[in-house]
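Note sheet for the following structure.
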Amino acid sequence: MKKSGVTLVDVAKLAGVSTMTASRALSGEGYASEEMRTKVHAAAKELGYVPNALARMMKGGKTNVIGVVVNDLSSAVINAFVTALSEEVRKIEMDMFIYNSLGDLGHGRGKRLSQMLHGLWDGLLFVLPRMTDDYLEQLEQSASPIVLVNYFSRETTLPVVRGDNVNGAHDAVSHLLDLGHRRIAFVRGMAYTGQSELRERGYRLAHEAAALEVDPALVVGGDFSEVAGLEAGRALMDLPEPPTAIFAGNDSMALGCINAIREKGLEVPKDVSVVGFDDIPASALVQPALTTLRHPVEAMAHAAVQELVRRIQGQPGRRHRIEFPSEFIVRASTAAAPAPAPRARPRARGRRAQA
């Protein structure tokens, strides 16, 4: 039963050990026999004792906290990572602290964040698609354990756990080519994240493998939002020769493209096939359900937490970069390319009437 105002002295008294032994058993710092650890943990649980992380920090001990820094909690992809990371941290009986940077890491803000968090965590996981070079350099120079999750912007000396974008995009476009599509559009995302560039590379490599040229008119800009997908889809559908398939840089833009196609009175996938990337929850709910690619978020979260824990414990990391293959999920938004419209036959000249 939990009680208020419980101290380490209370825990030690109930366990029948000294305060020092209780401290060692709970913190993991210093020697305590397995029997003593069991007694102390049982007493702490019974009393509802919560160790004071700030006090441990001031004594130079471990806080048993992993920090997770994100830049947009409204993102379905980032939310999926945060949920999976939380599960992994709970499994190893540590706590998790989430800081939402709202995209302001850099220009002095990153330094203040570093100062604010210093010592309150044993290690940090950054789930950020981008950060300024200045802030990244601060992290690279830090002695603190740090792992970047799903980071692509540029090469770094920090360990990175991420999903594969190039081969996943290649698989998506190859699927469309196998269905007979030859005019396949690509909707870009924001360039600074690095992910859009890698997905476009896979798109182009699939065309090269099929000995096909990419029509520059079929590659259009976007920013990973559904509104950008709608605008891109409208532009593509207004082309003199519109695409029969669209590969969008993420699911949100793919959903926007589907709306643009419907505005034209066309159907997905009868007239135009659509593929996304990320497998956000809405992709399975939209009609028709979206063909897309999925990163193994749970496996990536497990690898990121384990990599961070190794570094917290002073062990060598497993690899500098751990990359997971993406999974291609075929749903109802892709189908065989529509047959080309028959060309109009030239009208036969009528015979001149006999006088």
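For every residue, the table says whether it meets (1) of a type in the set (Gly, Ala, Ser); (2) touching a helix residue (DSSP H, G or I) at 6+ places or on another chain (Cβ under 6 Å).
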{"site": "130", "(1), (2)": "no, yes"}
{"site": "141", "(1), (2)": "no, no"}
{"site": "146", "(1), (2)": "no, yes"}
{"site": "168", "(1), (2)": "yes, no"}
{"site": "176", "(1), (2)": "no, no"}
{"site": "181", "(1), (2)": "no, no"}
- Residues of region 170-212 being among the polar types (S, T, N, Q) and within 14 Å of residue 223 (Cβ to Cβ), which ones? 193, 195, 196
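Tell me the residue from 122, 223, 133, 171 that is touching a Phe, Trp or Tyr at 6+ places or on another chain (Cβ under 9 Å) and in contact (Cβ under 8 Å) with a residue 12 or more places away in the chain, please.
It is 171.
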- Verdict on residue 273 being touching a residue at least 24 places away in the same chain (Cβ under 8 Å), farther than 18 Å from residue 159 by Cα, not assigned by TED's automatic domain parsing to the domain that holds residue 243 and not hydrophobic (A, V, I, L, M, F, W, C): no
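Residue-wise test of (1) within 22 Å of residue 306 (Cβ to Cβ); (2) of a type outside the set (S, T, N, Q); (3) modelled with pLDDT of 90 or more; (4) assigned to a loop (DSSP other than H, G, I, E, B).
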| site | (1), (2), (3), (4) |
| --- | --- |
| 23 | no, no, no, no |
| 29 | yes, yes, no, yes |
| 32 | no, yes, no, yes |
| 42 | no, yes, yes, no |
| 66 | yes, yes, yes, no |
| 79 | yes, no, yes, no |
| 102 | no, yes, no, yes |
| 115 | no, no, no, no |
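In region 252-265, is there at least one residue being part of a loop (DSSP other than H, G, I, E, B) and not β-branched (Val, Ile, Thr)?
There is at least one residue in region 252-265 that is part of a loop (DSSP other than H, G, I, E, B) and not β-branched (Val, Ile, Thr).
Yes/no matrix, rows are residues, columns are (1) in a strand (DSSP E or B); (2) crowded, with 17+ Cβ neighbours inside 10 Å; (3) at pLDDT below 95; (4) touching a strand residue (DSSP E or B) at 6+ places or on another chain (Cβ under 7 Å):
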position	(1), (2), (3), (4)
120	no, no, yes, yes
124	yes, yes, yes, yes
130	no, yes, yes, no
154	no, no, yes, no
170	no, yes, no, no
173	no, yes, no, yes
181	no, yes, no, yes
205	no, no, no, no
- Looking at this structure, is residue 233 at pLDDT 95 or above and either within 13 Å of residue 253 (Cα to Cα) or assigned to a strand (DSSP E or B) (or both)? yes
- Counting only residues that are of a type in the set (A, V, I, L, M, F, W, C), crowded, with 24+ Cβ neighbours inside 10 Å and touching a Lys or Arg at 6+ places or on another chain (Cβ under 8 Å), region 269-299 contains a total of 2
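May I ask you to say which residue of 303, 332, 339 is of a type in the set (Gly, Ala, Ser), modelled with pLDDT under 95, on the phi < 0 side of the Ramachandran plot and outside the structural domain of residue 185 (by TED's automatic domain parsing)?
Details: 303 fails: modelled with pLDDT under 95; 332 fails: modelled with pLDDT under 95.
The match here is 339.
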- Message: Can you confirm whether residue 285 is over 25 Å from residue 202 (Cα atoms), within 22 Å of the chain's Cα centre (by Cα) and not assigned by TED's automatic domain parsing to the domain that holds residue 172?
- Response: no
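The values are calculated or read from the model by the stated rules, or taken from the named source; none is laboratory data. The model shown is predicted, which means the values in this text are computed figures rather than measured ones. All Cβ positions, even for glycine, are placed from backbone atoms using ideal geometry, and neighbour counts span all protein chains on display.
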